């Protein structure tokens, strides 16, 4: 079963490493997720264990698991992430996400958080975790078996932190990795969630649907960082972007359609109908719309990519092919040739709306290979990607300095 | 640094697998443990992550991490252990231990348990974990992509368990492994700790100091199992036993002395002095005791292996060599030739005081190799060990049936 098969994760990570990509990212859900009557569960296996396997079978690429801040004790979290960081020789990240799903809280026998509890706990968990990471300093030194000296305990000290939700004494029992401590990623947030982004995140895995939205989100994140006493340059904003590749537009669409044919067309056609502001005849899903119908199209103002769907319909693509362009995907993207894919990435990047991308492969095992083998060489020729990894650690890949403990700039701002 | 280097764990597990040993066992402490000024921390790295790496780089040997029942939520525990079991294709165990160390509770910001809380929580954690493991039944079937059918949800059901300390709704999000669920190990316990052994354990990792103690402990464990509605045959009793090997007794002692020379002799000589009931002159630690002194030796009644130490001194071994025989070790064992090691194991096994052993290698990286290459062939020639693994899973190795969920025999006894 592919979804429990670590070989699939390893193969995909090795392909990404071959292309010099900065990191692999593993989302997570802590409950049985998805419609199991028809398809495998989503995010079923445990990201920390999968990425431990991946760490041993790769040598350069970064490893970023999602781990919820809502259930785990900071000591357990700090220790497992530090172990992953040490096992991978400084390639670990942590996508720190507060849970919100009632099913997740039910699995942990906990009530849903009220008011500000969700972010209050997130602040405590991240601060105590980082403090534990910093509780074993580099100055403790390296073991010296000749002198019978292992470490200088003057630089390995308890943290003695007590929050309202969690607490820990420390120190941690594992020394720092080659990069100090894991890189903290967070998803985009709003309102109460913005302050923690500004305080802790070095990477934002975002889901803007358009370039304008990406620009706005990135600016908001930068402002939050500056308000927290950090700088815009502390944060890498890397939105999701999806690709379905083929030697021609037609081949890419057909490849995508094979994948889509596994699932029922009707609900997707109903959704496209809303996006186009037009009634679509299921019997004529393979035919371009009639001229009168095209003239009457009105993109839905609240459904992302509706304008793109209308434009595609006006170009003469059938409803079925408009869907195959990926306009129903929960992220921006492109179904087409490698050159078109590179063009899209270059356009976003040069417009300054992001610092990189989180590539979403389509639902085929070889899709990251296609991106690596066909798109990455174009990006390299255009000078948009380096020829190889610039360093050994995830912090090296992202151009981030070593960090060990809580960022000292925060104390002046809170 | 060897103690954070997963390669060491992998190499050791591969050597053990080469010898057909049933499982590798990883103890754990959830705090910085040991005197770091002089030696590396003990049980520093995270057992679940280490064993994930080992799982990927071995193919037959069982993998048994210690994980505390005092801090982890059952859903998190059930999921990580199930992931290890699936990644290893049915080779996982779980040494379920309640924590007692104040440093551990401080790291989790929790007060020390009062009264029966320690075992009350252990009961709840193990029962809910096993129920979660059983929440996805084999009858849910295998995915059938042709039929567009993934699993029969009639056999994947919530558990809805609410304890006083922990709770979970379920179901778990990962299907069963090749062996159903991980094998539960527990350390020997007394009083309130005996009931859980009888109810849940399939393996007991014990620390008796003598054959008689081993026999007694094993009988007590068997009685507990029978009281819980299970049978003596449900439990494998596998005491620790240590070896220091050499081509001759003298070579084995000298090899051990090189290891011991790293640490100060004085406190060990003081302890031996108590065991022998004799004042020992540090200046004469290398000389056999005088006849008058030997006549006056009285083994300490409360310090294990005192009688053995007295017997060795009477044979004419110097105090330094008596210590090199391992009489200060926290487990029984033998420093000598492979034949002597095999004799000791055969004696214990044929006396029916245990069902196998947990081999403690000495503090050299090649020591498990020595056991595998020199002692295992002797055991095989004597018909005490099979020529190869009898099956694919840890349950196969231990002769245990598949289990999925809580043992149904328990309901009638509680």
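Since every read-out is calculated from the coordinates, none of them should be taken as a lab result. In this text, all values refer to a predicted model and were calculated from it rather than measured experimentally. Here the Cβ positions follow ideal geometry from the backbone for every residue, glycine too, while neighbour counts run over all protein chains shown.
List of remarks:
- With respect to the axis relating copies B and A by rotation, the chain B residue whose beta carbon is closest, plus that distance in Å, is B:52, 2.
- Axis angle, to the nearest 10 degrees, between helix A:74-87 and the longest C-alpha principal axis of chain A: 80 degrees.
- Sorting the Cα pairs of segment B:145-260 by distance into bins of 10 Å, from 0 upward, gives 11, 24, 24, 20, 13, 7, 2 percent per bin.
- The gain in end-to-end length when the residue B:7 to residue B:295 segment is fully stretched comes to 98.6 nm, 0.36 nm per residue minus the alpha carbon separation.
- Inter-chain shielding of A:107-119 (mean C-beta neighbours from other protein chains, 10 Å cut-off): 3
- The calculated 222 nm mean residue ellipticity attributable to helices in chain B amounts to -11000 deg cm²/dmol, summing -39500 (n - 2.57) over DSSP H runs of n ≥ 4 and dividing by all residues.
- Sorted from nearest, the other copies put their residue B:89 label points 2.9 nm away, the label point being 7 Å from Cα in the direction of Cβ.
- Axis angle, to the nearest 10 degrees, between helix A:47-56 and the longest C-alpha principal axis of chain A: 80 degrees.
- Starting from the label point of residue A:138 at 7 Å along Cα→Cβ, the same points in the other copies fall at 5.4 nm, in ascending order.
- Taking a ≥ b ≥ c as the square roots of the Cα gyration tensor eigenvalues, segment B:178-217 comes out oblate, since a/c reaches at least 1.5 and a/b does not exceed b/c.
- Rounded to 5, the percent of DSSP beta bridges in the protein assembly as shown classed as antiparallel: 15 percent
- Bridge type composition, chain B - antiparallel percent by DSSP, nearest 5: 15 percent
- The calculated FRET efficiency for residue B:314 paired with residue A:142, based on their beta-carbon distance and R0 = 41 Å, is about 0.35.
- Helix B:266-276 axis versus longest C-alpha principal axis of chain B: approximately 80°, rounded to the nearest ten.
- Taking every alpha-carbon pair in segment A:310-378 and binning the separations at 10 Å intervals from zero gives 18, 46, 32, 4 percent.
- Note on segment B:273-394: Cα Rg divided by 2.2 N^0.38 Å, N the number of residues, gives 1.30.
- Beta bridges assigned by DSSP with both partners in segment A:107-233 are antiparallel in approximately 60 percent of cases.
- Cα-based shape type of segment B:247-333, given that a ≥ b ≥ c are square roots of the gyration tensor eigenvalues and the cut on a/c is 1.5: rounded
- Shape call, segment A:28-161: gyration tensor on alpha carbons, a/c limit 1.5: oblate
- Inter-copy label distances at residue B:259 (7 Å, Cα→Cβ; nm, one decimal): 5.4
- Shape summary: the protein assembly as shown maps onto an equivalent ellipsoid whose semi-axes, from the alpha-carbon gyration tensor, are 56, 30, 25 Å in decreasing order.
- Hydrodynamic radius (Kirkwood) for segment B:227-269, which is based on Cα pairs only, to one decimal in Å: 14.1 Å
- Computed log10 I(q)/I(0) for chain B at 0.06, 0.12, 0.14 Å⁻¹: -0.28, -1.05, -1.36, from the Debye equation with unit scatterers placed on every C-alpha and solvent omitted.
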